[in-house]
Amino acid sequence: MSQSEHHAPIPVLLVGEGADAIASTLVAGLQAGDQGHRFSCAPFPTPEAAADASRGAPYLIVVGLGRAADATLEHGVWGEWRRPGAAMARIAMSDDVASADTGATPPPSREGELDTYRLPMEQGDALPMATIVVAQLLETERSRAELHAQLETERACEPLAQCLDPGKIYPMALELLLERLGCRRGIAFFSPSPAPKGAGVAARGFDDDTRDRLSRFLIEEKSLESTMGRGEVGVVPWGPLNHALGQVGLESPGALLSVPLRGDDQEAGHVWVLSEGRRFDDRDLDAARRIARRVSAALATAERYHHAKERAFIDDVTGVYNARYLLATVDNEIQRAERYGNPLSVLFIDLDRFKLVNDEYGHLIGSDTLRALAKLLSDCVRQVDTLARYGGDEFTVLLVDTPHEIAIKVAERIRAAVENHLFEAGAAGTLRLTISTGVATCPDHGETREPLLDAADKAMYRAKSEGRNKVASASELD
C-alpha cells in the first residue's frame, strides 16, 4: 500500500432509503469521537451512482440501507473491489434483518470477503462505532489482500522463466497483464530476436478484422519501433496506440497503461492495456511493474540462451556462421521458399590457390586473409541472406527470394570485389586473391538440401576447371 493510501480517508458510501439523513448523523458521530478525518462519508440513491463516484478507490465501506440493503451490498457494481489487491467492507442497516446481537445467523460471505456487519435501523446511533470497527478489519484485510495479490502475480509469472522464445514471451506478458488487472483489451508490439524477423504484434480483445488492420498498421508504422522498450511503467493520456486505433477506425480508448519491456541486449517491446473507462491506481501500477520485471528477466535469459546457441554456430576464425548452422538454415529456407513459391539461390565460393598464401606468408596471415574475405563477403550481401564458412577456404551464401539470373549477377559482383581488393600481408605488404564461384537455385537445380548444395559445389569446380576467377552456373553442368 502506498504512503498516500495510508493517509487517504476511507470512502463510506451510504446507499438507499434515508441515506442523506443517516450520512449526516454518521459524520456527526465520527467527528464527536475524533474520527472524522479517517472517513469520507457520502449518500447515494443507487449502487451504480455510489460505485461510479468511487472508481479508483483501493478500498471502501458500503452501507446498505432499508429493505434493499442486502441487494445493494450484493450488487454486481462492486466487482472492482472484489478483485486481487482491493477490499470492501459491508454494513447492512434494515428493519428486515436482525442484528447479530440477537443471535440470528447472517448470510454467508463470499470466500475471501469480510462478513457483513448488520444493524437494525433503531440502532443507528451505533453506526459510527460499527464503521470504526469495520474500518480496522478492512485495513487488515486490505493488507492481507495486497500481499495475496502480490504472491498471485509472482506465481502467475512463473511460466515466463520456462520460455526461451522471445516471440512468445511478449504475448504471455500481455495476457498476464490483462488477467491480473482485470482488463479486456490490450496490444503487445515487439521485435523479437534473433534478427531479422521484423516487428510482431499480439492483440487481445479485438475482433479478427480489427486485430488484422491494427497489426498491419503497427508493423508498417516504422517510427513506433524506436519507442519500444523505452520509458517506465505508467498511465499515459495519449500515446502512439491511440493514434493507431484512430487510424484503423476505432474511437480513442482514453488513457492507456504503458508497459515497456526490454532484455539486457537487443530485445525490446511494448504492451499497452486499454483502460475501458476505468482508472488505473497504485495497485495496478505495482502489479504491472512486477510483471514487467519478470518479463524483462525472462527476455534477458532468452537472449543469453540464444547468444550461447548462436556461438555454437559461429566459426572461430572468421566470425561468420559455420557449416552446422548453414545446413540447418538451408532446410528452413527451402521449406519457406516452397511455402511461398519464391526461389532460393546458393553460392559456393572457393579462394583460388589459397594454399600458396599459407605456404608463402604463414598461417597467421592466412587466417587474417580469411577474416578479411568474410568481412568483404558480408558487405556484398543483404542482411536477410546467410553467409557461412563451409570449411577451409570455402564459403557459402544463401540468397533468399533470389532467382538464378540475379544470383549470377550477385556472384559476379562479389568476384569483381574480391579481385580488386588488396589483402594485408603483414611485413610483406599486400596481396591479391581471386575466387571461383558456383551458383545453383532451388527448385531448378535441387528441391532438397543435398542435391542443391551438390549442384552449387560442382558448378564451383567447373569454374576452377575453366581457369579460376570465374562464376559458373549449375545450369551449365551436364
Reported label for calculated log10 I(q)/I(0) by the Debye sum over Cα atoms at q = 0.09, 0.10 Å⁻¹ given (1) -0.76, -0.85; (2) -0.57, -0.71; (3) -0.67, -0.82:
(1)
Which whole-Hz couplings ³J(HN,Hα) result when phi for each residue of the stretch 58-73 is put into the Karplus expression 6.51 cos²θ - 1.76 cosθ + 1.60, θ = phi - 60°, listed in order with x for Gly and Pro?
x, 7, 7, 10, 10, 10, x, 10, x, 4, 8, 4, 5, 4, 4, 6
Helical contribution to [θ] at 222 nm, DSSP H n ≥ 4, -39,500 (n - 2.57), averaged over the chain, rounded to 500
-14000 deg cm²/dmol
The pairs in Lys375/Lys409; Lys375/Lys464; Lys168/Lys458 lying past 30 Å Cα-Cα in this model are Lys168/Lys458
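If you average 1/r over every pair of different alpha-carbon atoms in the stretch 158-308 and take one over that average, what Kirkwood value in Å do you get? Walk me through the numbers before you get to the answer.
Details: mean 1/r = 0.0654 Å⁻¹.
Answer for the stretch 158-308: a Kirkwood hydrodynamic radius of 15.3 Å.
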How tilted is helix 404-419 with respect to the longest principal axis of the chain? Cα atoms for both, answer in degrees (0 to 90, nearest 10).
70
Once you have the Cα-Cα distance between Phe217 and Lys309, take 0.36 nm times their residue separation minus that, and quote the gain in nm to one decimal.
29.8 nm
Extension gain (nm, one decimal) between Arg184 and Asp444, 0.36 nm per residue minus Cα-Cα:
88.6 nm
To the nearest 10 degrees, how steeply does helix 166-181 sit against the main Cα axis of the chain, on a 0 to 90 scale?
10
Roughly how tilted is helix 282-311, in degrees to the nearest 10 and between 0 and 90, from the longest Cα axis of the chain?
20
DSSP bridge orientation in the chain - percent antiparallel, rounded to nearest 5
65
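Where the eigenvalues come from the Cα gyration tensor of the stretch 323-476, what are the semi-axes √(5λ) of the equivalent ellipsoid, largest first, in whole Å?
28, 15, 13
Every number in this text was worked out from the coordinates using simple rules, so none of it is lab data. Quick caveat: nothing in here was measured; it's all calculated off a predicted structure.
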